[in-house]
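Take a look at the structure set out below.
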Amino acid sequence: MFLDLTEEQKLIQDTARDFAKAELEPVAAELDQGDDRAPLMANLKKLAELGFMGLNVKGEYGGSEAGVIAFSLAITEIARACASTAVTVSVNNMVCEVIQAVGNEEQKMAYIPKICSGEYAAGGFGLTEPGAGSDPSGMSTQAVRDGDFYVLNGSKIFITSAPYAGVFVVWAVTDKDAPKGKGISCFLIEGGTPGLIIGKEEKKMGQHASATNELIFDNCRVPASAMMGKLNDGFRIAVAELTGGRIGIGSLALGLGLAAMDHATKYSTERTQFGQKISNFQALQWMVADGYTELEAARLLLMSAAWRKENGKSFAKEASMAKLFATESANRACYSAMQMLGGYGYTQDYPIERFTRDVRITAIYEGTSEIQRLIISREILRNFS
Amino acid sequence: MKLLVCIKQVPDLESRFKPDAAGVWYNETDLAFRMNEYDEYAVEQAVQLREKLGEGTELTVLSIGPDRVVEAIKKALAMGCDNAVHIQDTAVSAKDPWQIASIISTYVQGKNFDLIFTGMQSQDRGSAQVGVTVAEQLGFACTTTIVGFDYADGTVTAKRELEGGIKGVVKLKTPALVTCQLGLNVPRYPTLPNIMKAKRKEITAIPVADLLTADLLATTTSFHPPAKKGGGIVLEGDVGELVDKVIAILKDKTAVLR
């Protein structure tokens, strides 16, 4: 058993950490509070040039071929500084990976290099609908064949990076009479395609700099060649790719949890009450111990899931366990961190308030904690029946 | 043209340092290591020159230390060095700058390097002796603390930082050695594809015993934090009295009320 990182993984972690500290952290609070997304766009471009948009993507498509462990490490380091940047990077990687996994050569060459190089600021993942969240197979967006085209009608919701995504992976029903989940296909649709309308941007609790929008398809015509993978085989693709994305979101939550605990622990060694440093009080010591213990366990679960994926082993259960535990631990860590700072933690003079808002969604998107438990228990019970 | 850049791996300076068991250097346990900041400027400048000169130029990175220094070497390779030399030494901290310089000079002898880049000093030892000593031992022209660099036709033109913000310009014929200062350039982040590709670049490992011929000239006899200063002064009494005391202290100990 070997638990240490390779030198390459350490260097990628260091590069991500150095970049996050120098470029992301100084603008994170401003991005959270302001309306100007320019610093985010500039940083996404730099991150793409450094190779962070296709960590687990082959070199021939412009990827870094650095693997899944490196992906997890990078997302954690970026999230320590700015969760909005981290979620964009995580989704971009997921979009690249889904195209790499199921696209044909032409589709791969057309889109992956553009996301990896930063020519496209982002890629979009269009699965969730107003009526189909935890149950995506219940989607209602339709794609109807019309000669050499498909015509899409319907809408998607909560689509990350929609206003600046160059391409969207979109799922739509192509056989509405098929059993649930068996009549869905997957399409690659470029931003700006007529009939693809970027709807209203959600006003969210956190991760403000990352845009989250409605997508509307109003007689959106795409060539039949825009279909990715086989007809009516799209849902399986979505499920498989979300599994990898869970490692990304778990890693993002870990970064936020660590950032919050580091900040609060340092504060506790400086803040004096009752004539002594508050870190002398056992109540805070236990928060420090519990917070870091849970985050270390989360880190190991993430590393295990990432290692399994990188080495071609089954990883659905492990990715769900890692996502569930990392995101819930990180939420608890942010809660404790705010307790440790007291009233100051609730103000925007300290970053804990932002971390606490940013971390909440991690237990919801890319599969809620409840869906993760469903997946985990199903995988386990399968072996008992 | 053959270029060499010498780098050292040092602890992250935000670390908490504790003396080692012998009390002559820091305890390495739990420290995170990274490339010495000034050496990053040296690597960046060497890589820029390597890129400018193109084909026919070879840039080698050299580091002395235990296995952990390979990480710093790989960073330099990812930044654009062509190949590397790792001089394996598990007791590098016990050597003085003279010995370190001698090891490098012994390696360089007969290899026809035209130009050597080093950091101005290391962030941990901070002697600022190794670069200049290597130049002296090899008979190379040398200039230090450079903040500007140009090379053409066998001549280095270096801008130097002098005291009080004054700058000087020095010209040197190769073979030459320069030591690099903050402000020379902004070191690039190694790109991820280059980090992965650096795996395929050659790292030659040489046991330090093969190159160590010089004796120690200076020994570090103690490593310790400074003695703790007394705590602040706590003033007590009513406000009027406190104000008088504060004013008296400010007049006595500082220049603000003079």
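Read-outs throughout are calculated quantities, based only on the coordinates presented, and are distinct from any laboratory measurement. If you're wondering where the values come from, they're calculated on a predicted model, not measured in any experiment. Ideal geometry is used to build each Cβ from the backbone, glycine not excepted, and the neighbour counts take in all protein chains shown.
Out of the DSSP beta bridges found with both residues in chain A, what percent are antiparallel (nearest 5)?
Numbers: 30 of 37 bridges.
Around 80 percent antiparallel, to the nearest 5.
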Note to self: If each DSSP helix of 4+ residues adds -39,500 (n - 2.57) and the sum is divided by the residues in chain B, what number results at 222 nm, nearest 500 deg cm²/dmol?
What the structure shows: -8500 deg cm²/dmol
Notebook entry, point to check: Expressed as an acute angle from 0 to 90° and rounded to the nearest 10, what is the orientation of the C-alpha long axis of helix A:38-50 relative to the principal long axis of chain A?
Noted result: 80
Next item on the list: Give me a single rounded figure for A:8-14: the average over its residues of other chain Cβ atoms within 10 Å of their Cβ.
Entry: 6
Next item on the list: Quote the convex hull volume per residue of chain A, based on C-alpha atoms, as a whole number of Å³.
Entry: 142
Check: Under 5 Å between amide H atoms, partner at least 5 residues away or on a different chain: which partners does B:Tyr26 have, H built in plane at 1.01 Å?
Finding: B:Asp20
Notebook entry, point to check: Under 20 Å from the Cα of B:Lys201, which lysines turn up, not counting those fewer than eight places away in the same chain?
Noted result: A:Lys10, A:Lys58, B:Lys2, B:Lys8, B:Lys74, B:Lys75, B:Lys111
Next item on the list: May I ask you to evaluate 6.51 cos²θ - 1.76 cosθ + 1.60, the Karplus curve with θ = phi - 60°, for each residue of the range A:379-385 and list the ³J(HN,Hα) values in order in whole Hz, giving x for glycine and proline?
Entry: 5, 6, 4, 4, 7, 10, 10
Item checked: Choice from A:Ala110, A:Ala143, A:Ala259 with maximal GNM fluctuation in chain A (Cα, 10 Å cutoff) -> A:Ala110
Item checked: Exposure proxy order (Cβ contacts within 10 Å, fewest to most) of A:Leu302, A:Leu252 -> A:Leu302, A:Leu252
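List the pairs from A:Lys277/A:Lys323; B:Lys228/B:Lys253; A:Lys182/A:Lys203; A:Lys313/B:Lys197; A:Lys277/B:Lys18 whose alpha-carbon separation is above 28 Å, in the order I gave them.
Values: A:Lys277/A:Lys323 35 Å; B:Lys228/B:Lys253 20 Å; A:Lys182/A:Lys203 34 Å; A:Lys313/B:Lys197 25 Å; A:Lys277/B:Lys18 22 Å.
With Cα atoms farther than 28 Å apart: A:Lys277/A:Lys323; A:Lys182/A:Lys203.
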Item checked: Neighbourhood net charge (13 Å Cβ-Cβ; Lys/Arg +1, Asp/Glu -1) for A:Leu55 -> -3
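If you average 1/r over every pair of different alpha-carbon atoms in the range B:2-210 and take one over that average, what Kirkwood value in Å do you get?
Numbers: mean 1/r = 0.0578 Å⁻¹.
So the Kirkwood estimate lands at 17.3 Å.
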Next item on the list: Taking H placed 1.01 Å from N in the peptide plane, check which residues at least 5 places from A:Val57 or on another chain put their amide H under 5 Å from its amide H.
Entry: A:Ser64, A:Glu65, A:Ala66, A:Gly67
Notebook entry, point to check: Using θ = phi - 60° and the Karplus curve 6.51 cos²θ - 1.76 cosθ + 1.60, what whole-Hz ³J(HN,Hα) does each residue of the range A:29-34 get, with Gly and Pro shown as x?
Noted result: 5, 5, 5, 5, 9, x
Item checked: Net charge, A:Ala211 excluded, C-beta distance under 10 Å - Lys, Arg +1, Asp, Glu -1 -> 0
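Stokes-Einstein at 4 °C, 1.567 mPa s, Kirkwood radius from Cα pairs: D for the range A:67-209 in µm² s⁻¹?
Details: Rh = 16.3 Å.
Reported coefficient: 80 µm²/s.
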Item checked: Degrees between helix B:69-79 axis and first principal axis of chain B (Cα, 0 to 90, nearest 10) -> 70
Margin query: How tilted is helix B:37-53 with respect to the longest principal axis of chain B? Cα atoms for both, answer in degrees (0 to 90, nearest 10).
Written below: 30
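Nearest-5 percent of antiparallel DSSP beta bridges in the protein assembly as shown? Show your work: numbers first, answer last.
Working: 47 of 84 bridges.
Here the antiparallel bridges make up roughly 55 percent for the protein assembly as shown.
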Checklist line | Among B:Ala72, B:Ala209, B:Ala84: highest mean-square fluctuation, GNM of chain B, C-alpha pairs under 10 Å | finding: B:Ala209
Check: Using the alpha carbon gyration tensor of the protein assembly as shown, what are the three equivalent-ellipsoid semi-axes (square root of 5 times each eigenvalue), largest first, in whole Å?
Finding: 49, 34, 23
Margin query: Step by step: find N for the range A:125-232, compute 2.2 N^0.38 Å, then divide the Cα radius of gyration by it. What's the final number?
Written below: 1.03
Next item on the list: Under a 10 Å cutoff between Cα atoms, tell me which one of A:Ala16, A:Ala81, A:Ala178 has the largest fluctuation in the Gaussian network model of chain A.
Entry: A:Ala178
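Does the range A:7-120 classify as rounded, prolate or oblate by the C-alpha gyration tensor (a ≥ b ≥ c root eigenvalues; a/c under 1.5 gives rounded; else a/b over b/c gives prolate, otherwise oblate)? If you can, show how the numbers build up before the last one.
Values: a/c = 2.33, a/b = 1.45, b/c = 1.61.
It is oblate, given that a/c is not under 1.5 and a/b is not larger than b/c.
Give me the percent of DSSP beta bridges within the range B:5-156 that run antiparallel, rounded to the nearest 5. Don't jump to the answer; show the numbers that get you there.
Numbers: 6 of 17 bridges.
So the antiparallel bridges amount to about 35 percent of the total.
Which net charge results for the neighbourhood of A:Met94, defined as the other residues with beta-carbon distances under 11 angstrom from its beta-carbon, given Lys and Arg at +1 and Asp and Glu at -1? Please list the in-between numbers first.
Details: positive: A:Arg246; negative: A:Glu97, A:Glu241, A:Glu366.
My count for the surroundings of A:Met94 gives -2.
May I ask you to derive the relative contact order of the range A:60-180, considering only C-alpha pairs under 8 Å and at least 6 residues apart, and to give it as an integer percent?
Worked out over the range A:60-180, it gives 24 percent.
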Check: Looking at B:Ile195, B:Leu216, B:Gly110, which one has the Cα that reaches farthest to the positive end of the dipole of the range B:105-258 (charges on Cβ: Lys, Arg +1; Asp, Glu -1)?
Finding: B:Ile195
